[in-house]
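Right, one structure below, let's go through it.
The values are calculated or read from the model by the stated rules, or taken from the named source; none is laboratory data. Just so we're clear, the structure is a prediction, and the values are computed from it rather than from any experiment. Heads up, the Cβs are rebuilt from the backbone with ideal geometry, glycines too, and the neighbour counts pull from every protein chain shown.
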Amino acid sequence: GQILNDGKVLIHLCNYIEPWDDLSLSQKKSLNQRYQMGCGCKITTCYMVPCSITTPNECLWTDWLIERKLYGHQAKHYACIKRSDGTCSWYRGGPPPEKEFTDISEP
């Protein structure tokens, strides 16, 4: 999906429907910045071991295997993107830290 200029959200993936407020920060940022980078990639869901990718442009989705839910940690915090060499892999994006160091004496 993507955020349009008028602020509306357009979703392209029919089987993943979540209220905007339930999306993680990574998912919200990925709508316009990262998910498009994975359009040439294939996501293969792993339901039970053994499982593996069969082509370099695949990302193995393991949320079900690890958490027993389809939309878990991987879905909320990672995007499958195509790298410059044509292979695909999971990328965890996030906001940069606000401070390089944290002062533990601050209240």
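Can you name the residue in region 1-35 that is of a type in the set (V, I, T) and either part of a loop (DSSP other than H, G, I, E, B) or within 23 Å of C88 (Cβ to Cβ) (or both) and, of all such residues, is modelled with the highest pLDDT?
Among those that are of a type in the set (V, I, T) and either part of a loop (DSSP other than H, G, I, E, B) or within 23 Å of C88 (Cβ to Cβ) (or both), it is I17.
Restricting attention to region 30-49, report how many residues are out of contact with any strand residue (DSSP E or B) (no Cβ under 6 Å at 6 or more places or on another chain) and closer than 20 Å to G72 by Cβ.
Residues in region 30-49 being out of contact with any strand residue (DSSP E or B) (no Cβ under 6 Å at 6 or more places or on another chain) and closer than 20 Å to G72 by Cβ: 3 in total.
Conditions first: (1) modelled with pLDDT of 85 or more; (2) surrounded by fewer than 16 Cβ atoms within 10 Å (Cβ to Cβ); (3) out of contact with any Cys (no Cβ under 8 Å at 6 or more places or on another chain). K42 passes all but one, so which condition is the exception?
(3)
Do you know which residues across region 52-72 are hydroxyl-bearing (S, T, Y) and over 16 Å from R92 (Cα atoms)?
The answer is S52, T54, T55.
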